[in-house]
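Here is the structure we will look at, set down as C-alpha cells.
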Amino acid sequence: MEAFSDLFGQIPMTINEGTPISLLVENICKRFGSLEVLRGISLTAYENDVITLLGASGSGKSTLLRCINLLETPDSGKVYVRGELIEMSTNRDGQAVPTNRRQVSRIRARLGMVFQQFNLWSHLTVLQNVIEAPIHVLGLQRREAIERAQELLEKVGLSDKLDYYPSHLSGGQEQRAAIARALAMEPDLILFDEPTSALDPELVGEVLKVIQNLASEGCTMLIVTHELNFARDVSSQTVFLDQGRIEEQGSPDNVLDNPQSERLKRFLSGNYRRTI
Amino acid sequence: MLWQGLELTVAVGLCAMLIAIGLGLLGAWAKLSQPSIIKSIANTYTSLIRGVPELLLILLVYYGAPTLIQDLSSNLGYSFIVDLNPFVAGFLTIGFIYGAFATEVFRGAYLAVPRGQIESAHAIGMNSSTAFRRIILPQMWRFALPGLGNVWMVLIKATALISVIQLDELMRNASIAAGATRQPFTFFLAASVMYLGITIISITIQRKAEVWANRGIRNV
C-alpha cells in the first residue's frame, strides 16, 4: 500500500481493479430546511480501505456518514453496500424515503457504526451490549454470541469489565466497548463518527490504537476525525469536505502535506496551530 | 366483611392498572406517531377522558353502555338484555379512564429516552419492534415508574367510586357496615387504614421496581 500511495490519489480505479467495492456513494445531497449540508458527494470504498473524512464543523462529514446508514435520509443520490443499492422512493409529500424498511435493517446490520457519544445501551452491561444484536438481529445462539463477545472484548482490552454497566466505565473504555459491539456483527464496513471527540485527551490514544489495529487487520472503515496525525498513519485515502462538497481527496500524504486548495491550507494551518 | 371488600378493591385495582398500562402504551405510541386517524383518536381519548369526572364516566359506562347496546341491537331487530357484571364493568371503566393518564406518562417516558440509545439500536440493524422491546421499553420504565406509581395511587382510590354500581368493594362494604351498626367512625376509619395500607405496600414495591429499572444508571 505504501508504495502505491503516491499514485493512489490520481488513479485509484486502476490500482484497485479486482478488489471488491465495499461501499459506493453516488451524488448524495441532503438539506435541512434551507441549509444545504451535502451538495453531491460521491465516494468509493474498496475492501480493506480506510478512508478518513476531514473538515471543519458543519462541513457535512457526520451527515454524510449518517446518510450512508440512513440515520438521515438523503434527499437524492445512491448508496450501494457491496453492490446492493439501498432502494429509495418518494412519498406523498415529495420526500425521499427508503422503499423497504427490511432492506434498510439488513444493510445496517452489515454496516457497523461507532458514535461520538458511544451510545452504549445504558441498561445493559458491557457483555450484554455486545451480545444483544448478534442474538436479536443475527439470530446467534446465546453461547456462541458470548464466546464471540469475550474474544472481542479481550481484543479491545476490556475482558475484566464484562459485567460493568457503561456508566461505570471511562469514556475510553466505553468507546472500546462500543467498537466491540460493532465488531460483533462482523460488519463489511465500519463507520466511525468522531470516535475520540468526546474523550479526555489522555484517553484518545487507547481508542485510536484499537482502530489502528483494526486497520492493520484489513478492516474496511470510514472515519470522521479531527486527529490529523492519526489520519495520516491509518488511512489509505483522505477526503477533505468543505460546505457539503469534496474539496480534496487522495492519499493522506498528498492531502495533508501538499494541499492544493486555499480552504484546505487554511484548515490545516489552523489545526497545526491548535495542536502546538 | 371489610377484608372481602379489601380483596375486591385490590383485584379491581390490579385489573384496571393492567388495562391502563396496555392502553397507555398503545395511546403513547399513537400520539407519537405520524399524523393520522389513529393519532387523532388518541388525542381525543386523552383530552376527553381526562376532562370528565370519573364518577360520571363510571355511571355512563355501567348504565349507559348496556342501554346503548340494547337500543342498537333492537334497531337491528334483535332483542336481548345486556347485564354488565359490576366487577368487569368496574375495572374496564377505571382502566379505560386511567389509560388516558398512563398515555401521558408513557409519552413523556419515551421522549425522555436519549435519542442516541434509539439511534444505536437502529444503526446496528434492529427493526422497530426489536428496538422497542429490547432497548426503548426497558429504558422507558426508568422515567415511567414515578408517574405510573402516581397513576396507581389515584387509581386505587378511584375504585371507591365503583361502589355506586353495587360492587361490594372496600368502600361499599364499609358504608354498609357503618349503616348497619351505626358506628360510622369505626368502619370508615378502618377502611381508611386499609386504603393507607395498600398505598404503603405500593410505595415499597414501587421503590424496588425503580431500583431495578435504574440498574446501571443511578441509585434510587
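Nothing in this text is a laboratory measurement; each read-out follows from the coordinates by a stated rule. Note that the structure is a prediction, hence the values are computed from the model and not measured. Reconstructed Cβ throughout: ideal geometry from the backbone, glycine too, with neighbour counts over all protein chains shown.
The figures follow:
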{"read-out": "Unit charges at the beta carbon, dipole of chain A: most positive-side option, A:S34, A:L70, A:I107", "value": "A:S34"}
{"read-out": "Estimated dipole of chain B in Debye, rounded to 20 [Cβ of Lys and Arg +1, of Asp and Glu -1, Cα centre]", "value": "880 debye"}
{"read-out": "Other-chain or far-sequence residues with amide H under 5 Å of A:E248's (modelled H)", "value": "A:F240"}
{"read-out": "Residue-by-residue Karplus 3J(HN,Hα) for the range B:184-194, coefficients 6.51, -1.76, 1.60, Hz, glycine and proline x", "value": "x, 4, 4, 6, 5, 5, 4, 4, 4, 4, 5"}
{"read-out": "In degrees, nearest ten, helix B:2-32 long axis to first principal axis of chain B (Cα)", "value": "40 degrees"}
{"read-out": "Farthest toward positive dipole pole in the range B:2-213 [+1 Lys/Arg, -1 Asp/Glu at C-beta], among B:G197, B:V88, B:L8", "value": "B:G197"}
{"read-out": "Estimated 222 nm signal from helices in chain A, with DSSP H stretches of n ≥ 4 weighted -39500 (n - 2.57), rounded to 500", "value": "-11500 deg cm²/dmol"}
{"read-out": "Semi-axis lengths (Å, descending) of the ellipsoid that matches the C-alpha gyration tensor of the range A:157-229", "value": "19, 16, 10"}
{"read-out": "log10 of Debye I(q)/I(0), alpha-carbon scatterers only, for the range B:129-220 at 0.16, 0.18, 0.23 Å⁻¹", "value": "-0.75, -0.84, -1.09"}
{"read-out": "Selected from B:Q206, B:Q166, B:Q117 as most flexible by GNM, with chain B as the system and alpha-carbon contacts under 10 Å", "value": "B:Q117"}
{"read-out": "DSSP beta bridge pairing in the protein assembly as shown, given as percent antiparallel to the nearest 5", "value": "60 percent"}
{"read-out": "Gyration tensor verdict on the range A:99-244 (Cα atoms; rounded if a/c is under 1.5, prolate if a/b is larger than b/c, oblate otherwise)", "value": "oblate"}
{"read-out": "Amide H contacts under 5 Å for A:S76, placed H, 5+ residues apart", "value": "A:C29"}
{"read-out": "Computed label-point distance, nm, for sites A:S216 and A:A96 using a 7 Å Cα→Cβ extension", "value": "3.9 nm"}
{"read-out": "Sorted by Cβ neighbour density within 10 Å, fewest at the top, the residues B:H122, A:H168, A:H123", "value": "A:H168, B:H122, A:H123"}
{"read-out": "Listed residues B:R134, B:R50, B:R207, most fluctuating in chain B (Gaussian network, C-alpha, under 10 Å)", "value": "B:R134"}
{"read-out": "Global form of the range A:64-143, assessed from the alpha-carbon gyration tensor, a/c cut-off 1.5", "value": "prolate"}
{"read-out": "Chain lengthening between B:A65 and B:A180 when straightened (0.36 nm per residue, less Cα-Cα)", "value": "38.2 nm"}
{"read-out": "Rounded to the nearest 20 debye, dipole of the range A:11-104 from Cβ charges on Lys, Arg, Asp, Glu", "value": "320 debye"}
{"read-out": "Cα-based Rg / Dmax (Å) for chain A", "value": "18.7, 55"}
{"read-out": "Check: the protein assembly as shown dipole with +1 on Lys, Arg Cβ and -1 on Asp, Glu Cβ, in debye", "value": "1460 debye"}
{"read-out": "DSSP-defined beta bridges in chain A - what % are antiparallel, rounded to 5", "value": "60 percent"}
{"read-out": "Calculated P(r) of the range B:2-213 - Cα pairs past 33 Å, %", "value": "28 percent"}
{"read-out": "Environment charge of A:L199, counting only residues whose C-beta is closer than 13 Å and scoring Lys/Arg +1, Asp/Glu -1", "value": "-4"}
{"read-out": "GNM result for chain A, Cα springs below 10 Å: residue of A:A56, A:A178, A:A109 fluctuating most strongly", "value": "A:A56"}
{"read-out": "Contact order normalised by residue count of the range B:2-213, Cα under 8 Å, 6+ apart, percent", "value": "30 percent"}
{"read-out": "R0 of 30 Å, Cβ-Cβ distance B:S192-B:L56: FRET efficiency to nearest 0.05", "value": "0.75"}
{"read-out": "Using alpha carbons only: equivalent-ellipsoid semi-axes of the protein assembly as shown, gyration tensor based, whole Å", "value": "59, 26, 18"}
